[in-house]
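What follows is a single structure, written as structure tokens, with notes after it.
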Amino acid sequence: MVGDVGLAADIEFLVSDECILCEDKIALPKICIQSGQKADLVARSATLKCCPGIFGLLIPLIFFLGPVLVELACKIAGLQPLRPPSPLFITLVLLAVFGWLAWRFTKRIEVTWFIRTKEAVAEEKRIRKWRGWLIVAGLVLVAVVFLALTVDSDFIALAFFPVIAGALFWGWSGHSTKPVFAGKHDGLNILKGLSSEFLHEVQSLIERHHSETA
């Protein structure tokens, strides 16, 4: 739908009560995606990504259970058990391969949206805290991998804790301050994570535009 009155004239998208369908590049109307307000707003832009769900399952599985799965595969194939740290090296290779495949098949879109200035300030504070904790978790993870490579491959099991902590900090830092790229439908990209107030305001703008041009 081509918009006006707050909608960029060269943007086309479809809006429903649950999501927006758009092309690979979109600038959302100047309305807060959380509150639906139109004043005191700050623009945000980002490349949103959507990775096939199979990688979201396989990569953590290989990370946490890689050496065990390698040993199990050797037994099923009738091969001699591998000596440490060979299972760990094979796990790292598998992680690299599936990580590259995940990157290769990840879809990306460019999105610009708006949030309230108050929420933008709170978001910046969350990001600073998240980065600090993530650095700590990363240092712990590096130490665990170093111990697994130099002392005993069993140390890799301890990586569970910094990875889970990092994932929690990542989710906590987002806190619905940006849309979510949820996949595709009929060739269009699905944008979710938008409040009902925002979607209602967009629909009202479109209806008002149609009534003015009818």
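The values are calculated or read from the model by the stated rules, or taken from the named source; none is laboratory data. Just so it is clear, the model here is predicted, and its values are computed rather than measured. Because the Cβ atoms are built from the backbone with ideal geometry, glycine has one as well, and the counts that use them run over all protein chains shown. Just so you know, the surface numbers come from the protein's heavy atoms only, side chains and all, with ligands and any DNA or RNA stripped out. Shrake-Rupley method; radii C 1.70, N 1.55, O 1.52, S 1.80 Å.
Restricting attention to segment 84-137 and to residues that are touching a Pro at 6+ places or on another chain (Cβ under 7 Å) and in a helix (DSSP H, G or I), the residue that is farthest from residue 192 (Cα to Cα) turns out to be 87.
Checking 112, 150 one by one, the residue that is in contact with a strand residue (DSSP E or B) (Cβ under 6 Å, 6 or more places away or on another chain) and at pLDDT 65 or above is 112 and no other. For segment 82-133, the set of residues classified as closer than 30 Å to residue 31 by Cβ, open to solvent by 60 Å² or more (accessible area, probe 1.4 Å) and hydrophobic (A, V, I, L, M, F, W, C) consists of 121 only. Being in a strand (DSSP E or B), open to solvent by 60 Å² or more (accessible area, probe 1.4 Å) and either touching a helix residue (DSSP H, G or I) at 6+ places or on another chain (Cβ under 7 Å) or not basic (Lys, Arg) (or both) is the filter here; which residues of segment 180-203 pass it? Correct list: 180, 185.
Condition first: in contact with a Gly (Cβ under 9 Å, 6 or more places away or on another chain) and farther than 19 Å from residue 41 by Cα. Now tell me which residues in segment 95-129 satisfy that. Within segment 95-129, 95, 102, 107 qualify. Which condition number does residue 141 fail, the rest of (1) at pLDDT below 85; (2) not in a helix (DSSP H, G or I) being met? Failed condition: (2).
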